[in-house]
Amino acid sequence: MRRPKSREPSVQSKQVEAASDGEGRGDTEMMQQETAPVPALSKKTKQPKECFLIKPKETSEDATKTRKRRKKKITDVLAKSEPKPGTPEDLQKLMKDYFSSNRSVIELEELNLPDSCFLKANDLTHSLSSYLKEICPKWVKLRKNHSEKKSVLMLIICGSAVRALELIRSMTAFRGDSKVMKLFAKHIKVQEQVKLLEKRVVHLGVGTPGRIKELIKQGGLNLNPLKFLVFDWNWRDQKLRRMMDIPEIRKEVFELLEMGVFSLCKSESLKLGLF
C-alpha cells in the first residue's frame, strides 16, 4: 500500500509566515524599547565638573572662638600691663587730641598749661588723704580763712557718684572739720545743690564733671576762689578703664576746663593735681 504523502508547506507560505513572524518580533522589540527605563549613568561615566576655590564659610562656633580670643586679648593686655601713674604730659596730650579737630594751631598753643600750675602727681603709693596732705600742707589755714558762699577751695573730680562716695569716705584723715559737699546727679537735684551752696560755706566738693559744669552754668558755683582741682586720674573701674578712658567723661572734663579753669591756671591762682 502506498503511504500518503505528507504535505509540506510551500515555499510561498514559508515566506509569508517568516514575514509575519518578523513583523511581530519587530513590533515587540519596538514596544520594549519604548517602555524600558533609561539606565542611570554609572559612576564611571559621570561627566567631569568644574572646580572653584571657595573660601570656607565661618561657622558660628569659629566666630564665637574669634570673639572670645579678641576679648581675652584686650583684657589680658589691660590686666597684665603694669599700672603707670598719670603725668601732666598725659593731660596735655589728651587736651591736644580732643581740641585738634576744631582748633587752629595757634589756638592749640594757647591751651598749653604752664608746668607751674601742676602739682606733684600721685606715684600710686598714696591714699587720697596722704596725697592731699602732700599737695596742700596748709589746708587748715586755708579752710579757716575761707568764708565765701557758692564756692569751694578744692574740687575733686571723678567718673561716677559711687566713686565720689568712696573718695569722701577715704579722705577723713585730711578733711578734719572741713565741710564737704557731694556734687553729683544721683538722687540730688541741681536746685537743691544750688540752695545749699547759697546757704552755707563749703570747703570741699567731690563729684562728676557733668554736675559741676551744670552748677557753674546756673550760677550756683563760682570758680574764682578755687585753689585746687584734683582729678581721680589713676583709679580703674571693673572694666579696667580710667576716668579719662570713657569718652563721655573725657568730653565733660574738657568742657569744664573751658569754663574758666584754663584762665585760672594761667594766672597761677589754681593748681591741678592727678591722684
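Answer yes if at least one residue in the stretch 168-191 is of a type in the set (Lys, Arg), in contact with a Gly (Cβ under 8 Å, 6 or more places away or on another chain) and without any contact (Cβ under 8 Å) to a residue 60 or more places away in the chain, and no otherwise. Looking for residues that are of a type in the set (Lys, Arg), in contact with a Gly (Cβ under 8 Å, 6 or more places away or on another chain) and without any contact (Cβ under 8 Å) to a residue 60 or more places away in the chain, one finds at least one in the stretch 168-191, hence yes. Against the test of being more than 22 Å from Thr172 (Cβ to Cβ) and surrounded by 14 or more Cβ atoms within 10 Å (Cβ to Cβ), the options Leu204, Leu197 yield a single qualifying residue, Leu197. A count restricted to the stretch 69-95 and to residues that are open to solvent by 100 Å² or more (accessible area, probe 1.4 Å) and modelled with pLDDT under 90 stands at 9. Of all the numbered requirements in (1) open to solvent by 10 Å² or more (accessible area, probe 1.4 Å); (2) over 23 Å from Phe254 (Cβ atoms), Ala161 misses one, and that requirement is (2). Just one of the listed residues (Asn224, Asn234) is part of a loop (DSSP other than H, G, I, E, B), open to solvent by 60 Å² or more (accessible area, probe 1.4 Å) and touching a residue at least 24 places away in the same chain (Cβ under 8 Å), namely Asn224. Residue pairs whose Cβ atoms lie under 6 Å apart, separated by 6 or more positions or on different chains, with the first residue in the stretch 95-124 and under 24 Å from Pro137 (Cα atoms) and the second modelled with pLDDT of 90 or more and part of a helix (DSSP H, G or I), are Leu113/Cys265; Cys117/Cys265; Phe118/Pro88; Leu119/Ile135; Asn122/Tyr131. Return yes or no: is Leu111 of a type outside the set (S, T, N, Q), within 15 Å of Trp233 (Cβ to Cβ) and out of contact with any strand residue (DSSP E or B) (no Cβ under 9 Å at 6 or more places or on another chain)? No: the conditions fail for Leu111.
Taking the stretch 128-172, which residues are more than 29 Å from the chain's Cα centre (by Cα) and polar (S, T, N, Q)? Spell out the reasoning first.
Of all residues in the stretch 128-172, those more than 29 Å from the chain's Cα centre (by Cα) come to 129-154, 169-172.
Listed by number, the residues that qualify are Ser129, Ser130, Asn145, Ser147, Ser151, Ser170, Thr172.
Every condition in (1) assigned to a helix (DSSP H, G or I); (2) hydrophobic (A, V, I, L, M, F, W, C); (3) buried (at least 18 other Cβ atoms within 10 Å of the Cβ); (4) touching a strand residue (DSSP E or B) at 6+ places or on another chain (Cβ under 7 Å) is met by Met181 except one, and the failing one is (1).
The values are calculated or read from the model by the stated rules, or taken from the named source; none is laboratory data. Small disclaimer: the values here were computed from a predicted structure and weren't measured. Note: ideal-geometry Cβ built from the backbone for every residue, glycine included; neighbour counts use all protein chains shown. Areas reflect the complete protein model, heavy atoms only, side chains present, ligands, DNA and RNA absent. Shrake-Rupley method; radii C 1.70, N 1.55, O 1.52, S 1.80 Å.
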